[in-house]
Amino acid sequence: MRTNVELLAPAGSFEALQAAVQNGCDAVYLGGTMFGARAFAHNFDDTQMETAVKYAHVYGVRVYVTVNTLLYEKEMEEVIAYVKRLQDMDVDALIIQDVGLFTLLHERFPDMELHASTQMHIHNPQGIAMLQEMGAARVVVPRETTIEEIREYAKLGVDLEVFVQGALCVSYSGQCLMSSLTLARSGNRGECAQSCRMQYTLEEDHHGLHKEITTKGQYLLSPKDLNTLEQVPTLIEAGIASFKIEGRMKRPEYVALMCALYRKAIDAYTRKETFHVDAAMKQEMEKVFHRGFTSGHLFHQVGSALMNPLRPNHMGVRAGIIEQISKDKMTVKLVDDLHQGDGVRILKAKGDEGFRVNRMYQNGLLVNHAKKNERIQLDKTGYVEKGSILLKTSDCQQLEALRASYEQRSRTIPIQASFSMQLQKKAKLIVKDEQQHQVEVFSDMPCEKAMKTPLSKERILAQLQKTKDTPFAISCCDMSNVVSNGILPIKELNRMRRKALEQLQKLREVRNGVRRFAEEKAKVIALPSMREVMIVVHTKEQYEVCREEGFSSIYIADVSLYQTLRQANETVYLREERVKKDAYTQPHTLIQETAGLSFAQAHAGDTSLNITNSYSAAFAFANGVDILTLSVEHTPDTIQELTTAFQKRYHRTGNFAVQLYGHVELMLSEYCPIQACLKDDGKKQCGLCRKATRYNLKDLKGHRYPILSDVHCRIHLLSEDAYDHIAEWKAYQKLGITSALIVFTIEDAHKTRRVLRKVKEQVHVD
């Protein structure tokens, strides 16, 4: 079992970095101004990044930089230059999503530590092992990973990084196309519009007749916040290497509190002490930010235990209830203390109202503080109803205390010192830290014999210990070699201390030293030329129509249907699951997730492999893929850039496909809104999805998104309309596309036949 568990904190700004470091983190993750999955965080330019790395390293804190977006061809040269600068800045590790970039960086930066992002979509031992072989020092597992799976993965020997606190993404591994395809903001490019935090209505769809289902709230895709503070011992014993706190978009005070609490919990376990999460501690967490807390998929939470359909933003804590309303005042019975400067929100039937408490009254007098169970008056801010709930959304005293925790430099570095002083010789100060850095400093003048009052050891120690303006604290000082009758100016002692600590700090700023930078090696890809129309079907009805229309390259998405057809000696292929927990065994499949690239008998790669550049394409082809379907986020320009670069770099034309038709899968989720809204009994496999023709989620604009459920009770949320690019086939061919993918999901036989006949008319791949 591990004893060196890492506490990893988010740093969306330099202030958040300070909050994390001063409150006990072991490492931070942050983003630069490019190629990071939080494009709207403050992030760090090159100058700020260099300062941040030095600051963290002084305290022994490692710095991981997110380069975790998908990259298009034209960006590859720029990202290499960017990573070169990061290496020169002494960044400790990079977090990577793009498999092509990962392989390229491993080749060109052989000494740089690489971590595989959760968005690499790895959820089985094969995938973990593949990343190990690729050179991954760490794998960030999806938030959907269970504690049992973590125990199994840990046996493979790779460091596992696990989210333990913060926002959850309803879409598997954060791979969501909903923001991109409905709002033109790509989550894979760091621009997520958080479609999951918007309002939806659940509907039954009976052949186009829609029946709305009454639910407790309308934020049907909005998860609670992950909180596993009480489960820290279990998580450590499971073999987790790094406890990751989410929150690069959160305020520094949030980072400070969560770091401090998880630090206490981890340290308590290490010391074999009991750590108890009491009511006061829970309230502190709730005050700083929460949407309700859950232990998440880690501990098998489902339905209302996982989701919060009532509110997608910070809930705060209950502060009081409005008892009376006058013309310009409202009387509140408090259930918690309230201070001038606190942020509050009034819950209303139509639109909540939030404001900061600037004035509060008791008995007609202004006060700046009122206690629990007291009554106060607040200025009326608009229409409000008697009985409305008052929430406290920020506590000014809490925030002030949290700011003090990092502004006052609460974390110190213990060092050992040795001071020697002999007559007629220069005094010598030696300081040494836990990393074995050592600095020697000599006085500018020799020690003289004292004519009156000699310099005592106590006075020397007092001067050497004046380190409050530095990160250091002298834990012990050897003065066995100090004469009793010597004298040295106090200002010289101070100069020696300052110089020694400055030099020690400089030494600590550098952790990794000089690391190599290699040139890219020329490669040749052996790949047979293939041209196909690949058809994916979900139903037997769709399959039969495909056969009747003369199509032979048919991939079955339903495993039971595939097995039935194989038993009947039908020539069919399997479309593997987006989330595959068990091993790959079937040859000639259509793979949907990265781990499938470890299985060398794959026939084709699906759009969900997120292939956006020639390097990721080359990796897929080198690992057994014959035909590769490009990401649906491509534009004609980015396709052209990819195919051209691939041919130039690897001296052959790639077998590239595009999806010409189908309801695009906007998100895949372990959470099922059907079960949560209609049953919510804490169990999966309720079977409700098979009792109606279909279910939809409808947004406020009236757009309907069909829900396709699978045997694992995962939902596949589909685009409202099928994307139809069949008529554009000739234009795709000119871009270097050789094959086509057609996907049928909810289509009936009539619709399937119409589409296939259009394909036969327009698409020719032979």
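No lab work stands behind these numbers, since they all come straight from the coordinates. Since the structure is predicted, the reported quantities are computational estimates derived from the model, not experimental observations. Using ideal geometry, Cβ is built from the backbone for each residue, glycine included, and neighbour counts are taken over all protein chains shown.
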- Message: Counting just the Cα atoms, what span does the stretch 317-397 cover along each of its three principal axes? Round to the nearest Å and put the largest first.
- Response: 30, 25, 20
- Message: Using only Cα atoms and rounding to the nearest 10 degrees, what angle (0 to 90) does helix 279-288 make with the longest principal axis of the chain?
- Response: 70 degrees
- Point-to-point label distance, Ala583-Gln567, nm (Cα→Cβ direction, 7 Å offset): 2.4 nm
- Message: I'm a student and want to see the number: the projected area of the Cα convex hull of the stretch 88-133, averaged over all directions, in nm².
- Response: 3.4 nm²
- Query: Sorted by packing (mean other beta-carbon atoms within 10 Å per residue), highest first, where do 539-547, 356-364 land?
  - Reply: 539-547, 356-364
- Candidate cut points under GluC sites (Glu not before Pro) in the stretch 551-653, DSSP loop plus at most 14 other Cβ atoms within 10 Å of their own Cβ, are Glu570
- Listed pairs Lys264/Lys468; Lys428/Lys452; Lys84/Lys264; Lys730/Lys751; Lys211/Lys540; Lys392/Lys466 exceeding 32 Å between Cα atoms: Lys84/Lys264; Lys392/Lys466
- Helix 636-650 sits at what angle to the longest principal axis of the chain, using alpha carbons and giving 0 to 90 degrees rounded to 10? 80 degrees
- Ranking of Met530, Met667 by count of other Cβ atoms within 10 Å, fewest first: Met530, Met667
- Item | Principal axis box of the stretch 415-509, alpha-carbon based, largest edge first, Å | 43, 22, 20
- Task: For helix 76-88, report the angle its Cα long axis makes with the longest principal axis of the Cα atoms of the chain; keep it between 0 and 90° and round to the nearest 10°.
- Result: 20 degrees
- Query: Quick one, what does Rg over Rh come out to for the stretch 21-172 if you take C-alpha atoms and the Kirkwood Rh?
  - Reply: 0.95
- Item | 10 Å binning of all Cα-Cα separations within the stretch 635-696, expressed as whole percents from 0 upward | 15, 28, 17, 15, 19, 5
- Spin-label proximity, Gln397 to the stretch 326-363 - amide N less than 14 Å from point 7 Å beyond Cα toward beta carbon: 335-343
- Positive-end residue of Ser484, Val28, Ala56, charge dipole of the chain with Cβ unit charges: Ser484
- In units of 2.2 N^0.38 Å, what is the alpha-carbon radius of gyration of the stretch 533-762? 1.04
- Sorted from fewest to most neighbouring beta carbons within 10 Å, what does the list Leu700, Leu183, Leu501 look like? Leu700, Leu183, Leu501
- Just check the stretch 650-766 against the gyration tensor rule for me: Cα atoms, a ≥ b ≥ c as the square roots of the eigenvalues, rounded for a/c under 1.5, and otherwise prolate or oblate depending on whether a/b exceeds b/c. prolate
- Task: State the antiparallel share, in %, of DSSP beta bridges confined to the chain, rounding to the nearest 5.
- Result: 55 percent
- So, in nm, how far is label His651 from label Lys521 when the simple model puts each one 7 Å beyond its Cα toward the Cβ? 1.6 nm
- Message: Given N residues in the stretch 10-104, what is its alpha carbon radius of gyration divided by 2.2 N^0.38 Å?
- Response: 1.04
- Message: Test of understanding: ordering Asp26, Asp748 by Cβ neighbours within 10 Å, fewest first, what list do you get?
- Response: Asp748, Asp26
- Query: Binning every alpha carbon pair distance of the stretch 381-462 at 10 Å from zero, what are the percents per bin?
  - Reply: 12, 23, 18, 14, 11, 7, 8, 6, 1
- Order the peptides 10-21, 754-765, 96-107 from the highest to the lowest mean number of other Cβ atoms within 10 Å of their residues. 10-21, 96-107, 754-765
- Once fully extended, how much extra length lies between His300 and Glu502, figured as 0.36 nm per residue of separation less the alpha-carbon to alpha-carbon distance? 67.7 nm
- Query: Contour minus end-to-end for Asp45 and Asn485, with contour as 0.36 nm per residue of separation and end-to-end as the Cα-Cα distance?
  - Reply: 152.9 nm
- Task: Taking the Cα centre of the stretch 533-762 as origin, work out the dipole magnitude from +1 charges on Lys and Arg Cβ and -1 charges on Asp and Glu Cβ, in debye rounded to 20.
- Result: 160 debye
- Task: Would you calculate the separation in nanometres between label points at Arg531 and Ala731, each defined as 7 Å from the Cα along the Cα-to-beta-carbon direction?
- Result: 2.1 nm
- Task: Using only the alpha-carbon atoms of the chain, report the extent along each of the three principal axes, biggest first, to the nearest angstrom.
- Result: 112, 77, 44
- Note on the structure: In this structure, the FRET efficiency calculated for Ser552 and Lys216 from their beta-carbon separation, with R0 = 56 Å, to the nearest 0.05, is 0.70
